[in-house]
1. Per the helix-only calculation at 222 nm, which mean residue ellipticity applies to the chain, given -39500 (n - 2.57) for every DSSP H run of n ≥ 4 and division by its residues, nearest 500 deg cm²/dmol?
2. Evaluate 2.2 N^0.38 Å with N set to the residue count of the chain, then give the Cα radius of gyration divided by it.
């Protein structure tokens, strides 16, 4: 029985490692292709935009995932749709405000970038 579990764990680990390596190789190949097609100027703009999104995403979420799960687990006996509605409204509003803020930042960056 122990041999079976060790064999199962090694198979699982090998699949996980191979998936990670395959994803890394594909990412390198695709980024190389995209960089070649866009050129250094527009590839930099693409990376700048993706970095702004990766910075803005946690600000949009505001940690609401853990708060909603905590509230739902504390109130197991009753279902409160207001929790979901409030979380949806807060996420929608913060996402909309982040969208506007990122557009202003990107527009100001691109206007400076195009003037040079």
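1. Values: 3 runs with 106 residues, N = 116.
After summing the helix terms and dividing by residue count, I get -33500 deg cm²/dmol.
2. Working: Rg = 22.3 Å, N = 116, 2.2 N^0.38 = 13.4 Å.
Relative to the 2.2 N^0.38 Å estimate, the chain comes out at 1.66.
Read-outs: derived from the displayed coordinates by stated rules, not from any lab. Everything numeric in this text was worked out from a predicted model, so none of it was measured.
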